[in-house]
Amino acid sequence: MSRPVLYFVRHGETDWNVQARLQGEQDIPLNATGRRQAGRAADLIRRLRPDFDTLDYVSSPLMRTRETMTLLRADLDLPVEGARFDERLRELAFGEWEGKTWREIRATDSVRARARDADRWNYIPPDGESYAGACTRVGAFLDTIERDSVIVAHGGIARVMLALIAGIPGQSIVQLPIWQGRILVFSNDSYRWFPA
């Protein structure tokens, strides 16, 4: 049995994205660019699926994803309360490293930063979570999807979904860019970006 088609939207840009700070599970709001990206995502969904009002809409509950979903649905003239929020879509936790840049981490925690560089898929940051570890919760979420859906979540969650749905090896996925302002379409155990 084939999976429903998923239209993955990475949350819009935040000031911490611009500063290259690890957000993890911190509640950071969108900036002006991020709010425009949410509107662009709505336009792309409309182009991909003229029947966008028949889709399910599910989001991570964190502020930046919740705000992206709210703006996206408003731009589609859909009621905001029609979205669901699922804890299993929260970003990977970076624990003690949240709020820091990789430059700061490499300067103050170089041994553990090198250990992560050697195996980014499996490494668990101090008080955090690995990509591999997040597969359990994201896989459980995917098992509940019954119809074509718009998913608003995070870069780490997109990578986990690429592993679970498209079968891309973890160490390859961590090198892939996860774009803001584009849609990652999962269909028939494969993926594509829209626009390409």
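Listed here are the residues, each with its yes/no results for (1) in contact with a strand residue (DSSP E or B) (Cβ under 7 Å, 6 or more places away or on another chain); (2) more than 22 Å from residue 98 (Cα to Cα).
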residue: 150; (1), (2): yes, yes
residue: 163; (1), (2): no, yes
residue: 166; (1), (2): yes, yes
residue: 178; (1), (2): yes, no
residue: 182; (1), (2): yes, yes
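The set of residues from region 138-190 being free of Cβ contacts under 8 Å to residues at least 40 places away in the same chain, farther than 22 Å from residue 25 by Cβ and touching a Leu at 6+ places or on another chain (Cβ under 6 Å) comprises just one member, 168. Inside region 72-116, residues that are touching an Asp or Glu at 6+ places or on another chain (Cβ under 6 Å) and free of Cβ contacts under 8 Å to residues at least 60 places away in the same chain make up a count of 1. The lone criterion from (1) among the hydrophobic types (A, V, I, L, M, F, W, C); (2) within 30 Å of residue 32 (Cβ to Cβ); (3) in contact with a helix residue (DSSP H, G or I) (Cβ under 6 Å, 6 or more places away or on another chain); (4) surrounded by fewer than 19 Cβ atoms within 10 Å (Cβ to Cβ) left unmet by residue 183 is number (4). Checking every residue in region 136-148 against the condition of being crowded, with 18+ Cβ neighbours inside 10 Å and closer than 23 Å to residue 16 by Cα gives zero matches.
Filter region 1-45 for residues that are small (Gly, Ala, Ser) and under 22 Å from residue 96 (Cβ atoms) and give the result. Selection gives 20, 24. Counting only helices (runs of 4 or more DSSP H) that fall entirely inside region 7-115 and contain at least 2 residues that are surrounded by 21 or more Cβ atoms within 10 Å (Cβ to Cβ), the qualifying elements are 32-48, 63-75.
The residues listed here are 173, 151; of these, the one that is within 15 Å of the chain's Cα centre (by Cα) and either charged (D, E, K, R) or at pLDDT below 95 (or both) is 173.
Could we say that residue 4 is assigned to a loop (DSSP other than H, G, I, E, B), out of contact with any strand residue (DSSP E or B) (no Cβ under 8 Å at 6 or more places or on another chain) and not basic (Lys, Arg) here? Full working, then the answer.
Numbers: assigned to a loop (DSSP other than H, G, I, E, B): yes; out of contact with any strand residue (DSSP E or B) (no Cβ under 8 Å at 6 or more places or on another chain): no; not basic (Lys, Arg): yes.
Considered against the rule, which asks whether it is assigned to a loop (DSSP other than H, G, I, E, B), out of contact with any strand residue (DSSP E or B) (no Cβ under 8 Å at 6 or more places or on another chain) and not basic (Lys, Arg), residue 4 comes out as no.
With 84, 66, 49 as the choices, which residue is basic (Lys, Arg) and either under 21 Å from residue 177 (Cβ atoms) or under 13 Å from the mean Cα position of the chain (by Cα) (or both)? From the options 84, 66, 49, the qualifying one is 66.
The values are calculated or read from the model by the stated rules, or taken from the named source; none is laboratory data. Quantities reported herein were computed from a predicted structural model and do not represent experimental measurements. Note that each Cβ is placed from the backbone with ideal geometry, even for glycine, and that neighbours are counted across all protein chains shown.
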